[in-house]
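Have a look at the structure below before the remarks.
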Amino acid sequence: MAPMLYKKDISPPSRGVLLTAKGLDVELDFTDIDMATGEHLEADYVEKNPQHTVPMLEDDDLILVDSSAIIIYLASKYCNEDNANMYPDDPKLRALIHHRLFYNCGTLQSLLGQIVRPFFFEGNTTIDEKLIDKANDAYNILEKFLGDREWMVGDNCTIADLALIPSVTSLNVLVPIDEEACPKLLEWIARVEELPYYEANSVGLDDFKAMHEKALAGAEESAE
Ligand SMILES: N[C@@H](CCC(=O)N[C@@H](CS)C(=O)NCC(=O)O)C(=O)O
C-alpha cells in the first residue's frame, strides 16, 4: 500500500512534500484535510497528529508530522541510483541540505504564519513593517545561500530546493522580492519553475494567490 499523505495544496509545507514525492518518483495516496472547516481539529486526526497540522504522512505503522521530517524520510527511503543526487550521501552536502530545511521550518514558515494569519483570517491586509523587514532579510539570506551556484546546495537540484520553493514563492505573493537586491533568488525561482513536476507547487500557489486576492478585495469592500 502506498504511504498516505494528509495535505492541503494551499499549504506551503504540504507542497514541499508533494514536490519531493514527484522529484523522487514516489507514489503516494492522498487525503485532503480542509482546515477551513476544521478537519485538522477532528478527534481522529488529532489522535494521530497532536500538532493538528498538515502535512502528515502515514506509512504502515509510522505516522510522521512536519514537512522537513517527511521530506528527509522520503529521500532516505526512496532515493535510488537514478535520483541519488537529490539527497547525496556526502555528509557535508547532507548537513547543508538539513540546514536549509531547518531554516525553512524555523524562519520562513514561521514568518509566513505570522503574516498569513492576520491577512487571510482577520481581514488585516496591512502587513506590519517589522514583518516586511524580516521577509526582506530572509530573501537576502537566501540570496547569500545561493552565492554563485544555481541551486541551494551543491551543483544540482536537491530536496533543499523542493522544500524551500513553496515558502519562498508564497512569501513573494505577500512581500514581493526586490529584483535589484535579490536577482539570483528570482533566477533560482525561474529555474525551479522549469522542473517538469513544478505543477506540484503551482496548483497550490494559485490557490494561495486567489486567497490573497480575496482578502485584499474583502478589505477594500469593508473600507467602502
Ligand atoms: N513546520 C510544519 C508547519 C506545518 C503547519 O503549520 N501547517 C499549517 C498549514 S500551512 C497547519 O496545518 N496549520 C493548522 C494548525 O496549526 O492548526 C511543517 O513543515 O509541516
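The values are calculated or read from the model by the stated rules, or taken from the named source; none is laboratory data. All of these numbers come straight from a predicted model, not from anything done at the bench. For neighbour counting, all protein chains shown are included, and Cβ atoms are generated from backbone atoms with ideal geometry for every residue, glycine included. Calculation scope for accessible area: heavy atoms of the full protein, side chains included, ligands and nucleic acids excluded. Shrake-Rupley method; radii C 1.70, N 1.55, O 1.52, S 1.80 Å.
The single condition among (1) within 15 Å of the ligand (Cβ to nearest atom); (2) over 26 Å from E221 (Cα atoms) that Y139 does not satisfy is (1). Report yes if some residue within the range 191-204 is part of a loop (DSSP other than H, G, I, E, B), over 19 Å from the mean Cα position of the chain (by Cα) and surrounded by fewer than 14 Cβ atoms within 10 Å (Cβ to Cβ); otherwise report no. The answer is no, given that none of the residues of the range 191-204 is part of a loop (DSSP other than H, G, I, E, B), over 19 Å from the mean Cα position of the chain (by Cα) and surrounded by fewer than 14 Cβ atoms within 10 Å (Cβ to Cβ).
Going through the range 1-47 one residue at a time, which ones are within 13 Å of the ligand (Cβ to nearest atom), part of a strand (DSSP E or B) and among the aromatic types (F, W, Y)? Across the range 1-47, the qualifying residue is only Y6.
Let's see how each residue does on (1) closer than 24 Å to A215 by Cα; (2) open to solvent by less than 70 Å² (accessible area, probe 1.4 Å); (3) touching a strand residue (DSSP E or B) at 6+ places or on another chain (Cβ under 6 Å); (4) within 15 Å of the ligand (Cβ to nearest atom):
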| position | (1), (2), (3), (4) |
| --- | --- |
| D82 | no, no, no, no |
| L93 | no, yes, no, no |
| H98 | no, yes, no, yes |
| L101 | no, yes, no, yes |
| L108 | yes, yes, no, yes |
| V116 | yes, yes, no, yes |
| F119 | yes, yes, no, yes |
| D148 | no, no, no, no |
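Taking the range 60-80 as the search range and keeping residues that are within 16 Å of the ligand (Cβ to nearest atom) and free of Cβ contacts under 8 Å to residues at least 12 places away in the same chain, which one is surrounded by the fewest Cβ atoms within 10 Å (Cβ to Cβ)?
Of the range 60-80, the ones within 16 Å of the ligand (Cβ to nearest atom) are 62-75.
With free of Cβ contacts under 8 Å to residues at least 12 places away in the same chain added as a condition, the list becomes 62, 64, 69.
Numbers: L62: 10, L64: 18, A69: 15.
For the range 60-80, the residue satisfying everything is L62.
Where residues in the range 48-59 are in contact (Cβ under 8 Å) with a residue 12 or more places away in the chain and outside any strand (DSSP E or B), which of them is farthest from the ligand (Cβ to nearest atom)?
Restricting to residues being in contact (Cβ under 8 Å) with a residue 12 or more places away in the chain and outside any strand (DSSP E or B), the top hit is K48.
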